[in-house]
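Q: The structure that follows is given in the form of structure tokens.
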Amino acid sequence: MKAQRVEMFVCPMASPSDTSGLQKLAGSGNIKPDTLVALVGKTEGTGAHDDWGRVWADVVLREWTAKFLDVPLDDVAKNVIFVLSGGCPGVITPHIVAVTREWIETADADGHAGEDPRLVVGRAGSDPMSPEEVGRMGQIRKVAEATRHAMEDAGLTDPHDVHLVMVKVPGLTTASIKDAESRGKSVVSHDLTFGPEGAGVYANDAAALGVAMALGEVPEAKLSDEVVRRNWDLYSEVAMTSSGGEKRHGEVVLFGNSSSSRSSLRIGHAVTKDFIDADGVRNALRTAGLRFNGGLPDESDLSRLVHVFAKSVIPGSDQVRGQRITLLDDADAYQIGKALGGMLIASVTGRTTNYVSGGERNSHQGPPGGNIVAAVVRTET
């Protein structure tokens, strides 16, 4: 039998074109062409649909990966999933996380049977998404199908074993809107921003509902075009999604725990109740396996922390714990919301290389007012 052994390597980036960290990992043999399954990261830039930093990083990383794998550029997506989130305001350090998966021969399929389940990863790509499907049921269904395939690829059958599903989907651009309308099709929005009615947030939220549908968090019967960004009672507690005009397909990388895994890593997640809920962040660390009591984890705990993934969605209310805030009236709310999330995570972890995506107002990624936090830690055994 074969079991997974998953590793994660965090590489800070000096610029969107910086592949030096990956090159060092390749040179040391920590990543190999047959083990690299995903590149996930934060890139500097605006975070908008046409973010130059994210697009530049995507191009450079795909070119590097094509050479590393020795495959044509067009075949990179068949081998490695890319999830890049743009915008690093505040204390978010631009970085890329290389995720590797090695298959280990075992005498049986039990791996760590009787012990804590360990990290597994699955990946999948969706069918192409047309502009008219963005933010609608077409996108929801295609993300749901890809999520199911990623779960199968991870070797998981129980949705409760899934702790994080990262999705990158196509957004809308002026050109793609023109293409749809030239064929007599409508699009969900002509607003290319990440504002409350922008195409970017519709794409993100349709992707989140696709994850929710695949994992049984939301029944398909409750889903329709009309519920996207309207019914906030429908959400996923493990989906972290983003979109970009450079995409044509959805890309999914799914993380969970399995007793058959031979990894030394474990993942857990929690949901914060609001923007200042540091205890929610600590709960994510605890569910992943850090055993500190109250307060902040000390350095011996944090030495086992590999990475944190978090959303930072702006609440629809102008109050936090009964007190008025003015964030909703701020022209820079999108960037500020992401920066606040980065600061919250850094205040608990003591590090800035955290994956923090968000900035949009309201989302189907987590319950109303709350945000998802997932943590990966190295086990003690």
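Please treat every number below as a calculation from the coordinates, not as lab data. None of the values given here were measured: they were computed from a predicted structure. With ideal geometry, Cβ positions are generated from the backbone for all residues, glycine too; neighbour counts draw on all protein chains shown.
Q: Given Lys142/Lys247; Lys142/Lys168; Lys168/Lys311; Lys168/Lys273; Lys78/Lys247, which pairs have Cα atoms separated by over 18 Å?
A: Pairs exceeding the cut-off: Lys168/Lys273.
Q: Please list, by residue number, every one of the trypsin sites (Lys or Arg not before Pro) in region 318-378 that is coil in DSSP and has at most 13 other beta-carbon atoms within 10 Å. Walk me through the intermediate numbers first.
A: Numbers: sites: Arg321, Arg324, Lys338, Arg351, Arg361, Arg378; in loops: Arg321, Arg351.
Qualifying residues, ordered by number: Arg321.
Q: Checking understanding here: applying a Kyte-Doolittle mean of at least -0.5 and a length along the axis of at least 20 Å (C-alpha), which whole DSSP H helices in the chain pass? Each step should come with its number before you reach the end.
A: Details: long enough: 52-69 (25 Å, 0.16); 137-154 (25 Å, -0.64); 199-214 (23 Å, 1.10); 333-349 (24 Å, 0.98).
Helices meeting the criterion: 52-69, 199-214, 333-349.
Q: Short version: what are the Cα gyration tensor semi-axes of region 264-378, square root of 5 times each eigenvalue, largest first, in whole Å?
A: Value: 26, 13, 12 Å, ordered largest first.
Q: A follow-up question, please. What does the C-alpha gyration tensor say about the overall shape of region 1-97? Classify as rounded when a/c is under 1.5, otherwise prolate if a/b is larger than b/c, or oblate.
A: Cα axes put region 1-97 in the prolate bin.
Q: Around Ala214, what is the net charge, scoring Lys/Arg as +1 and Asp/Glu as -1 over all other residues with Cβ under 12 Å from its Cβ?
A: Working: positive: Arg141, Lys142, Arg148; negative: Glu145, Glu152, Glu217, Glu220.
Value of the local net charge: -1.
Q: Also, I was wondering about something else. Give me, ordered by chain and number, the residues 5 or more places off Thr241 or on other chains with an amide H under 5 Å from its own placed amide H.
A: Val167
Q: Does a label point 7 Å from the Cα of Asn30, set along Cα-to-beta-carbon, have any residues of region 260-275 with amide nitrogen under 17 Å, and which are they?
A: Output list for this probe position: 264-266.
Q: Could you grab the relative contact order for the chain? Cα pairs under 8 Å, six or more apart, rounded to a whole percent.
A: Rounded, it is 22 percent for the chain.
Q: Within region 199-254, report the trypsin sites (Lys or Arg not before Pro) that DSSP leaves as loop and that have at most 15 other Cβ atoms within 10 Å.
A: Values: sites: Lys222, Arg229, Arg230, Lys247, Arg248; in loops: Arg229, Arg230, Lys247, Arg248.
When the trypsin sites (Lys or Arg not before Pro) of region 199-254 are filtered for loop state and at most 15 Cβ neighbours within 10 Å, Arg230, Arg248 remain.
Q: Where a ≥ b ≥ c are the square roots of the eigenvalues of the C-alpha gyration tensor, would you call region 60-111 rounded, which needs a/c under 1.5, or, failing that, prolate if a/b is larger than b/c, or oblate?
A: Details: a/c = 3.42, a/b = 1.41, b/c = 2.42.
Since a/c reaches 1.5 but b/c is at least a/b, the shape of region 60-111 is classed as oblate.
Q: Can you show me the helix-derived [θ] at 222 nm for the chain, built from DSSP H runs with n ≥ 4 at -39,500 (n - 2.57) apiece and divided by the number of residues, rounded to the nearest 500.
A: Counting only the DSSP helices, I get -8500 deg cm²/dmol.
Q: Sticking with this one: Under Stokes-Einstein, with the Kirkwood radius over Cα pairs standing in for Rh, what whole-number D in µm²/s applies to region 129-176 at 10 °C and 1.306 mPa s?
A: Answer from the Stokes-Einstein relation: 130 µm²/s.
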